[in-house]
Each structure stands twice: as C-alpha cells, then as structure tokens.
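Beneath this line is the structure, given in structure tokens, with notes to follow.
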Amino acid sequence: MTVLKEFLNVVRNEFPDDRLTFQKSVATFHPESADETARFFKLANQNHQQIFISGFGNNIDPEGEPFVNMVMIKTDRLNSLQKIVPEDFYITVGAGFPIIEINSHLEKHNFWLPHASLPYTGSVGGSIAVGLNAHLNEHELPLKKYLIKAEIVSPQGDIIKVGSVSFKSVSGYDIVKIFFGSWGLLGLIVSATFRIMPISAKNEFSHLKQKAIDRIPLLTALDESNNDTSAIYSRKIKEKFDPNQILPVIKSAQQ
C-alpha cells in the first residue's frame with residue numbers, strides 16, 4: 001500500500017465519509033471548521049503527507065504530475081457569512097465565501113468593501129492568498145489595507161487568530177498581513193475580517209482597477225539561489241511556519 005493510500009485510510013477513519021472526495025482524480029479534503037482543518041494538518045505531519053491548498057482553483061489548477069501524490073484541501077465548505085458589525089465597521093466571512101458577493105450583503109447596511117467590486121471571481125481566502133491588488137488613480141491599493149483579522153490553521157495544525165477589529169489597537173496587524181500573497185504556503189485561512197466603508201464613499205473608488213495576479217515574485221523569492229535580503233527573509237518565514245514541508249512549492253502548476 002502506498003503512503004498516499006495509507007494516509008487516505010487514516011483520514012477516512014478520523015472524519016465523516018463526505019469530507020473526502022476526488023476532484024480531477026486528486027484526493028480532496030473538505031473541512032467544515034478550523035478544528036477539522038487543524039486535525040487534518042496534524043495527521044498530514046504525522047504521516048509525512050504533502051498537501052495543496054485550493055480555493056476555487058482559478059489561479060492554480062490542481063492537476064498533472066505535481067499532484068499525483070498530494071492531497072488537496074478545499075475551502076468550499078468554509079463559506080459562511082459570519083457577521084457584519086456596522087457600528088464597528090467590519091465584516092467577517094469564511095475563507096470559501098465568494099468575495100464578489102460581499103457587497104450585496106453590505107449594501108443592506110449601507111456599507112461597502114472596495115475590492116469586492118473588482119472582477120475577481122475567487123474566494124475570500126484565495127483573494128488574500130494571491131495578494132489581490134488594484135490601482136486607484138495611479139496608486140496601488142492592495143486588499144491587505146482592509147484585512148484586519150484572520151483565523152488561520154498553520155501547516156503544523158495550530159489554530160492561530162491574528163489581528164484586531166479595534167480601531168485603537170494594532171496588535172497583530174503585521175502578522176495577519178504576512179499571509180497576504182502567501183499563495184497557501186503558510187497555512188489555510190479559515191476566516192477573514194475586513195474593515196468596511198460607508199457606501200457614501202463608493203464614488204471615490206470609481207476608477208479602481210484590478211491588477212494582474214502574478215505568482216512569479218513569490219516563486220523567485222523562494223528559490224534557494226536568490227540571495228536578496230527579502231528573499232532570504234521569505235524563505236525563513238516559510239521554514240518557520242512549515243518545517244516539515246507539508247505545503248510544498250509547486251513550480252510547474254499553471255497560473
């Protein structure tokens with residue numbers, strides 16, 4: 001019996017049968033909570049099983065040789081709208097929630113999230129992972145400007161909550177932004193909280209344009225031959241979060 005088959009048997013014994021499916025012949029795990037995600041990652045570490053994190057699969061399609069011995073984890077069941085708190089100017093949604101649907105819910109409360117108006121059709125977790133970015137009047141406006149809090153499961157199976165919804169506190173803000181543009185290599189985002197704006201400000205963003213999504217800078221930074229200070233720092237972060245290389249870099253996957 002192969003290592004992958006042994007791991008899949010372990011997963012079937014640990015979780016309900018409907019958590020494990022096959023998509024494009026790739027074994028796929030569908031967690032419904034942070035706890036299930038954490039248990040799954042711990043099993044992966046114990047069994048030396050590599051994992052690929054997928055949102056909607058719009059930017060990296062999990063198929064082909066690199067995925068033969070991998071298990072995909074998909075956020076499609078982490079798709080709830082958890083809370084809208086107008087008085088404190090924030091919204092919390094599951095990682096699998098389509099970002100493009102956020103404003104239809106916020107408008108009922110006279111609020112708005114600029115990046116939810118972009119033509120990006122992926123999930124909230126995916127938009128953070130790929131570093132969704134935009135131009136506004138010749139200035140960059142990344143989604144991370146509005147990302148204030150997140151619940152994340154690390155590759156080692158730890159549940160971490162970083163950031164704050166408070167205007168006065170900046171505790172954890174830098175940490176939560178590490179996951180922006182991480183392409184699923186530092187852990188799985190379970191839920192995200194965004195600072196929202198009064199809908200009266202919407203006209204100020206009439207010229208907001210989405211920037212092209214580019215994975216190449218991350219791959220360049222994680223290349224061991226790159227000795228730039230920022231690249232060395234990126235590799236140290238990757239090693240710190242994922243010492244067992246449960247979330248490998250897939251260089252040959254399609255953009």
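Miscellaneous remarks
- For the chain, adding -39500 (n - 2.57) for each run of n ≥ 4 DSSP H residues and dividing by the number of residues yields -7000 deg cm²/dmol at 222 nm.
- Filter on Lys144/Lys236; Lys83/Lys238; Lys42/Lys144; Lys83/Lys240; Lys83/Lys145 - keep pairs with C-alpha separation over 23 Å: Lys83/Lys238; Lys42/Lys144; Lys83/Lys240
- Shape box of segment 81-210 [Cα atoms, principal axes, largest first, Å]: 44, 30, 25
- Helix 34-46 vs. the chain, principal-axis angle (Cα, 0 to 90°, nearest 10): 30
- Restricting segment 175-228 to trypsin sites (Lys or Arg not before Pro) that sit in a DSSP loop and have at most 15 other Cβ atoms within 10 Å of their own Cβ leaves Lys211.
- Degrees, to the nearest 10: 3-14 long Cα axis against longest axis of the chain: 70
- Förster radius 35 Å - calculated FRET efficiency between Lys251 and Lys145 (Cβ-Cβ, nearest 0.05): 0.75
- Once the C-beta distance of Leu81 and Asn137 is scaled by a Förster radius of 41 Å, the resulting FRET efficiency is 0.85 to the nearest 0.05.
- Between segment 180-255 and segment 75-136, the Cα center-to-center distance that results, in Å: 17
- Here is the tail figure for the chain: Cα pairs spaced more than 25 Å apart come to 43 percent of all pairs.
- A viscosity of 1.002 mPa s and a temperature of 20 °C, combined with the Kirkwood radius over C-alpha pairs in the Stokes-Einstein formula, give segment 89-159 a diffusion coefficient of 163 µm²/s.
- Placing +1 on each Lys and Arg Cβ and -1 on each Asp and Glu Cβ, with no other charges, gives the chain a dipole about its Cα centre of roughly 320 debye.
- Applying the criteria of a DSSP loop state and at most 10 other Cβ atoms within 10 Å to the GluC sites (Glu not before Pro) of segment 136-242 yields Glu138, Glu224.
- Of the peptides 24-33, 184-193, the order by per-residue mean of other Cβ atoms within 10 Å, starting with the highest, comes out as 184-193, 24-33.
- Aspartates and glutamates with Cα under 19 Å of Lys5, excluding same-chain neighbours fewer than 8 positions away: Glu14, Asp17, Asp18, Glu63, Glu65
- Cleavage-rule hits, chymotrypsin sites (Phe, Trp or Tyr not before Pro), segment 122-224, DSSP coil, Cβ neighbours within 10 Å at most 12: Phe167
- The simple Förster model, with R0 at 30 Å and r as the Cβ-Cβ distance, assigns Asn58 and Glu204 a FRET efficiency of 0.60.
- Structure remark: mean-square fluctuation, Gaussian network model of the chain, C-alpha springs under 10 Å; the largest value among Ile196, Ile160, Ile99 belongs to Ile160.
- Here segment 1-121 is treated as an ellipsoid with the same Cα gyration tensor; its semi-axes, largest first and in whole Å, are 33, 16, 10.
- Segment Asp214..Glu107, full-extension length gain: 35.5 nm, with 0.36 nm per residue of separation and the alpha-carbon distance subtracted.
Every number here is computed from the coordinates shown, using simple stated rules; none is lab data. This is a predicted model, so every value here is computed, not measured. Cβ sites come from the backbone with ideal geometry, for glycine too, and all protein chains shown count toward neighbours.
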